[in-house]
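Enquirer: Sending over a structure as structure tokens; questions will come in a sec.
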Amino acid sequence: MNDSRRLGDCLDGQRFWEDVQSLASIGALHPKGIRRLALDAQDNQARLWLAEQGRALGCEAYYDDLGNVFIRRAGKDSSRAPFLIGSHLDSQPQAGIHDGALGVVAGLAVLRTLHDQGIDHLHPLEVVAWTNEEGARFVPGASGSSWFAGQRDYHEIASSLDDSSIRFSDALADCLDLLKEHGLTYRPKPFTPHAFLELHIEQGPVLETLGKPVGVVSGIQGVNWYEIEVKGQANHAGTTPLQARRDAFDSAHDLVSALKAAVFDQDDDLRFTIGKFSVWPDSVNTIAQRATFTIDLRHPSQTVLDALDARFHDLTKCQWGGCDVTLKVTSRVAPVAFPDSLLDVLHECARHYCPDTPELVSGAFHDAIHLAHVCPTAMLFTPCRQGLSHHPDEHIEREDAEVAARVLTDAATSLLG
Ligand SMILES: [Zn+2]
């Protein structure tokens, strides 16, 4: 394809934006935002929406054992490995409409552009929606992509329970039945893709601060997730002297202070978050018998993550007010650096629309972190207002998203052959 790097100029921006809004109507919250928890009715509906869009373009829709959905535009050589573009359709409980969804719709826009312009390519192109990226309903996240990339075992994923004790495997079975009912083709096994590209909102402030519509992502920092349980003894809040208590909340509080001291980082590269904290029996006049909390720990360096992991294990072995402390690692994802060969393609394509395109490391994990283990993988970011995401107020500018989708289109055409 001559001049293939300018195909992005032909992308139908109006249609792209209509797709974004159309998808956002599935699981819409009022007055704005979405709620599509992994494998719930809305998330499954979004899968069908994608399949329907693909079929209208003459593509076949597939699903695999994890409910990942692929819409495939045939290549001139069907024996070639498919080139994948996509992201996820599930969301946080109170989410903005672009996190994940934008990447899937942008993949669709690439596919539409190739279709509209009658462009043939050597490799098949598949737009993919990965199952349960968010990890909001079933912990940990990125179930579909981590399984596809051989990073996590099916049985480990399948046994995860949501807050209503619904098993992942049961929710998944309902989803797979639905996909089958709607005529999607079952393709159980993962395959080795030719390459994978993911466009995502930045979820941070860098691009907005720089005033750039698009950024090339050079890699993703590593993430460790922990669950900590502190067990004490419940007793009467009025009659039990402080010295005689085994107060699970008090001990958890002291432990949190020690953990925070351990993660102090002068360079501010490290991220440490306690996003869940609960006490039991959760009564105003009863000493807590049990306290549980989670830790989300992130850093671009595996060495730093390993050192802190060891420190966390040591700290939880200490005495904490006579309470028993257990620490469980619920997820470990190593940092990745995307290959220069793909970063060069993205920079070259981005230059046409955005001189001096910045390069940045992703603070959030994405499906791409897993795909990077099986095929050349890279990402593009587009800015979101004030870096806000996981919130209905998440906002992007249409013009920025269009530029990013045009870059993606050009990168795809150059890689599709
Ligand atoms: Zn996302």
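Enquirer: Could you give me the radius of gyration and the Dmax of the range 222-333, taking only the C-alpha atoms into account and expressing both in angstrom?
Expert: 15.2, 49
Enquirer: Quick one: if the Förster radius is 45 Å, what FRET efficiency do Ala244 and Asp309 give, using the C-beta to C-beta distance and rounding to 0.05?
Expert: The computed FRET efficiency comes out at 0.80.
Enquirer: With charges only on Cβ, +1 for K and R and -1 for D and E, what is the dipole size of the range 169-271 about its Cα centre, in debye, rounded to 20?
Expert: Roughly 220 debye for the range 169-271.
Enquirer: State which helices in the chain qualify, where a helix is a whole DSSP H run, it must extend 30 Å or more along its own axis by its Cα atoms, and its mean Kyte-Doolittle hydropathy must be at least 0.0.
Expert: TM-like helix candidates: nothing returned.
Enquirer: Between beta-carbons, use under 13 Å as the cut-off and find the net charge around Gly222, counting Lys and Arg +1, Asp and Glu -1.
Expert: Neighbourhood net charge equals -1.
Enquirer: Per residue and in Å³, how big is the convex hull formed by the alpha-carbon atoms of the range 62-130?
Expert: Spread over its residues, the Cα hull of the range 62-130 gives 74 Å³ apiece.
Enquirer: In debye, nearest 20, what is the charge dipole magnitude of the chain about its Cα centre with +1 on Lys and Arg Cβ and -1 on Asp and Glu Cβ, if you could check?
Expert: 560
Enquirer: Springs between alpha-carbon atoms under 10 Å, Gaussian network over the chain: tell me which of Asp12, Asp90, Asp324 tops the mean-square fluctuations.
Expert: Highest fluctuation among the options: Asp324.
Enquirer: If you place +1 on the Cβ of every Lys and Arg and -1 on the Cβ of every Asp and Glu, how big does the dipole about the Cα centre of the range 222-333 come out, in debye to the nearest 20?
Expert: So the dipole magnitude of the range 222-333 works out to roughly 340 debye.
Enquirer: Please check: in the Gaussian network model of the chain (C-alpha springs, under 10 Å), which one of Glu181, Glu60, Glu52 has the largest mean-square fluctuation.
Expert: Glu181
Enquirer: Taking the chain as a Gaussian network, where each spring joins two C-alpha atoms under 10 Å apart, which residue of Asp64, Asp309, Asp267 fluctuates the most?
Expert: Per the Cα network of the chain with a 10 Å cutoff, Asp267 tops the list.
Enquirer: What residues have an amide H closer than 5 Å to that of Leu360, excluding those fewer than 5 places away on the same chain, when H is modeled at 1.01 Å from N in the peptide plane?
Expert: For Leu360, whose amide H was placed from the backbone, the distant partners under 5 Å are Val216, Val217, Ser218.
Enquirer: Okay, moving on. For a Förster distance of 22 Å, can you work out the FRET efficiency between the beta-carbons of Thr286 and Thr326, rounded to the nearest 0.05?
Expert: 0.50
Enquirer: Only Cα pairs under 8 Å and at least 6 apart count here; give the relative contact order of the chain as a rounded whole percent.
Expert: 24
Enquirer: Residues with amide H under 5 Å of Leu199's amide H, sequence separation 5 or more or different chain, H placed in the peptide plane at 1.01 Å from N; which?
Expert: HN-HN under 5 Å from Leu199: Gly86, Leu380.
Enquirer: Ordered by residue, what ³J(HN,Hα) values in Hz, to whole numbers, does the range 237-247 give under the Karplus form 6.51 cos²θ - 1.76 cosθ + 1.60, where θ = phi - 60° and Gly and Pro are x?
Expert: Values, residue by residue: 5, x, 9, 9, x, 4, 5, 8, 8, 10, 8 Hz.
Enquirer: Report the label-to-label distance for Ser159 and Tyr186 in nanometres (one decimal), using points 7 Å from each Cα along the Cα→Cβ vector.
Expert: Simple spin-label model gives 2.5 nm for this pair.
Enquirer: Let me check against my output: what whole-number percent is the relative contact order of the range 323-387, with C-alpha pairs under 8 Å and at least 6 apart?
Expert: Relative CO of the range 323-387 lands at 41 percent.
Enquirer: While we're here: Over the range 114-219, consider all pairs of different Cα atoms and compute the Kirkwood hydrodynamic radius from their mean reciprocal separation; express it in Å, one decimal.
Expert: About 17.0 Å for the range 114-219.
Enquirer: D for the range 257-321, whole µm²/s, Stokes-Einstein with Kirkwood Rh over alpha-carbon pairs at 37 °C and 0.692 mPa s: what number?
Expert: Translational diffusion coefficient: 240 µm²/s.
Enquirer: Once the convex hull of the alpha carbons of the range 1-155 is built, what does its volume come to per residue, in cubic angstrom?
Expert: Dividing the Cα hull volume of the range 1-155 by its residues yields 112 Å³.
Enquirer: If you don't mind, there's one more thing I want to ask. Can you tell me which of 126-132, 224-230, 310-316 comes out highest on packing, and rank the rest after it, using the mean Cβ neighbours within 10 Å?
Expert: Descending mean neighbour count gives 126-132, 224-230, 310-316.
Enquirer: Please turn the phi angles of the range 204-218 into ³J(HN,Hα) values with the Karplus equation 6.51 cos²θ - 1.76 cosθ + 1.60 (θ = phi - 60°), one per residue in order, whole Hz, x for glycine and proline.
Expert: Karplus values, whole Hz, x for Gly and Pro: x, x, 5, 5, 5, 4, 7, x, 10, x, 8, x, 8, 8, 8.
Enquirer: Okay, moving on. Quick one: how many lysine pairs does the chain have with C-alpha atoms less than 22 Å apart and a gap of 8 or more or different chains? Give me the count, please.
Expert: Count of close lysine pairs: 11.
Enquirer: Of all beta bridges DSSP finds with both residues in the chain, what is the antiparallel percent, to the nearest 5?
Expert: 70
Enquirer: Would you kindly give the portion of the calculated P(r) for the chain that falls above 27 Å, as a percent of all Cα pairs?
Expert: The calculated P(r) of the chain puts 53 percent of pairs beyond 27 Å.
Enquirer: Would you mind counting up the charge near Gln319? Only other residues with Cβ under 15 Å from its Cβ, with Lys and Arg at +1 and Asp and Glu at -1.
Expert: Once all neighbours under 15 Å are counted, the net charge is -1.
Enquirer: Compare the Cα positions of Ser87, Val256, Ser278 along the charge dipole of the chain (+1 at Cβ of Lys, Arg; -1 at Cβ of Asp, Glu; about the Cα centre) and return the one farthest towards the positive end.
Expert: Of the options given, the answer is Ser278.
No lab work stands behind these numbers, since they all come straight from the coordinates. Quick caveat, the model's predicted, so the values are computed rather than measured. Here Cβ is always computed from backbone atoms with ideal geometry, including for glycine, and neighbour counts include all displayed protein chains.
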